[in-house]
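Report on the structure given below.
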Amino acid sequence: MSLIDDYHALRHTAGIVDRSSRGRLVLTGVDRRSYLQGLLTNDIAALVEGTGCYAVYLTAQGRMIADMRVFETGASVLVDLDGTLAGGIADRWSRFIFSEDVQIRNDSAVTAQVGVFGPLSAQVLARVLADSDADRVYLEETFRSLPLHANRHHDVFGLPAVVLVSDEIGVMGFEIVIAANLKASLLEALRAAGAIEVSADAAETCRVEGGRPLFHVDMDEETIPLEAGIEDRAISLTKGCYVGQEVIIRVLHRGHGRVARKLVGIAFERGASVPVRGDGIVASDRDIGLITSAVDSPALGYPIALGYVHRDFQQPGTSVTVGGRAGSVTMLPFVPIDGTQEPVTAD
């Protein structure tokens, strides 16, 4: 399969993305949500069974340790995060427990995480999980109606699994967290139900089109969430205290949200070559930032990139050059994740 075929599956049918390299922490105990409430930026205490949210774990200086998705499954809290950070964060959180009824388990090695994304993903998933035709119709309608970060328990091959509603690669779909020894069987069932396995490059293309920054690529331990533009998704302004809150509130209230640099989209001319990570961004003969991710967008027909620029150059329409390529700062996302709007045009 070509990159275009894989991309077409994600945008128009259903594509399978193996996300097992992600980390998966499981928190149990009656205090699991209140414990995380004081550590993370979003309102974890407000979660009820079957819901979830996106959040960030910060240092006291407001810089990112990790971003993550937090799902209340009813029996536990499932935390999805960068796989390279899972063990360290599990150990760190465990050391912070004093009298709270919380147990933290790193399930990254014993579970797998398989995504199916695209307009037909609910149909494919229902075919895999249904016991009958009537059940298939019901499940498909149910999956289609679930909001982002919803989660549901389902038996898969006789063993419990969790289905998560996801837009992490810039396309709406689902991720199934399952025992690691069942991954091959799940992949086979998804293929038999009409989905195709797609390349990492195709998933990356959709991620950049969707303007979704990735930790250790577009964000790192020096990043403040406001710089990455994730505050609307990740930060609650109504919850109580959390680590790093003082810095975030100071920037929002005293600094009116202005930060020294900002992650923006950059669109290039048709026919231009694709920049690479680390390329410098120039405007008005001044070095103003760096590229963090770049792809050739099939939806738009020209190269696009994510990159940080100085705050004086973040306005959409600002002309920039990257390695001699002419470009302009563009609002994110390039291609709306929910498909309700038209993609950003070249002009």
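Below 8 Å, C-alpha to C-alpha, sequence gap of six or more: please give me the relative contact order for segment 262-347 in percent.
Normalised by residue count, the contact order of segment 262-347 is 35 percent.
Net charge in the neighbourhood of L40 (other residues with Cβ under 14 Å of its Cβ; Lys, Arg +1, Asp, Glu -1) is +1.
Relative protection proxy for 79-85, 230-236, from highest mean packing down: 79-85, 230-236 (other beta-carbon atoms within 10 angstrom).
Taking the Cβ of each residue in E221, E140 as the centre, tally the other Cβ atoms inside 10 Å and list the residues starting with the fewest.
E221, E140
Shown here is the pair-distance distribution of segment 152-235: with all Cα-Cα distances grouped in 10 Å bins from zero up to the longest one, the shares run 14, 37, 30, 17, 2 percent.
Loop-resident chymotrypsin sites (Phe, Trp or Tyr not before Pro) (DSSP state other than H, G, I, E or B) in segment 85-182 with no more than 15 further Cβ atoms inside 10 Å of their Cβ: F96, F98, F157.
The phi-based Karplus calculation (6.51 cos²θ - 1.76 cosθ + 1.60; θ = phi - 60°) puts the 3J(HN,Hα) values of segment 319-329 at 7, 9, 10, 9, x, x, 7, 7, x, 9, 5 Hz, whole numbers, x for Gly and Pro. Counting every other Cβ atom within 10 Å of each residue's Cβ, E168, E197, E141 order from fewest to most as E141, E197, E168. Dividing the radius of gyration of the alpha carbons in the chain by their Kirkwood radius gives 0.98 for Rg/Rh. Rounded to the nearest 500, the helix-only mean residue ellipticity at 222 nm of the chain stands at -6500 deg cm²/dmol, with each DSSP H run of n ≥ 4 adding -39,500 (n - 2.57).
For segment 256-347, dividing the convex hull volume of the Cα atoms by the residue count gives 99 Å³ per residue.
Among L226, L290, L182, the residue with the largest mean-square fluctuation in a Gaussian network model of the chain, with springs joining Cα atoms closer than 10 Å, is L182. Each residue of segment 148-154 was assigned a 3J(HN,Hα) from its phi angle through the Karplus curve 6.51 cos²θ - 1.76 cosθ + 1.60 (θ = phi - 60°); the sequence is 4, 6, 5, 9, 9, 7, 8 Hz, with glycine and proline shown as x.
Using a cutoff of 8 angstrom between alpha carbon atoms and counting only pairs six or more residues apart, the relative contact order for the chain works out to 19 percent.
Shown for C241, C206, C53: other C-beta atoms within 10 Å of each C-beta, ranked fewest to most, produce the order C241, C53, C206.
Summarising the amide proton neighbourhood of T223: residues at separation of 5 or more, or on other chains, whose placed amide H is nearer than 5 Å comprise M64.
In order along segment 263-268, phi translates into HN-Hα couplings of 6, 10, x, 10, 9, 10 Hz, rounded to whole numbers, per the Karplus curve 6.51 cos²θ - 1.76 cosθ + 1.60 with θ = phi - 60° and x for Gly and Pro. Residues whose amide H comes within less than 5 Å of that of T51, counting only those at least five positions distant or on another chain, are E72, N151 (H built at 1.01 Å from N in the peptide plane). Taking a quarter of the surface of the Cα convex hull of segment 44-161 gives a mean projected area of 9.2 nm². Electrostatic tally near E209: other residues with Cβ closer than 11 Å to its Cβ, Lys and Arg +1, Asp and Glu -1, net +1.
Bear in mind that the values in this text are calculations on the coordinates, not laboratory data. It should be emphasised that the depicted structure is a prediction, and the values quoted were computed from it without experimental measurement. With ideal geometry, Cβ positions are generated from the backbone for all residues, glycine too; neighbour counts draw on all protein chains shown.
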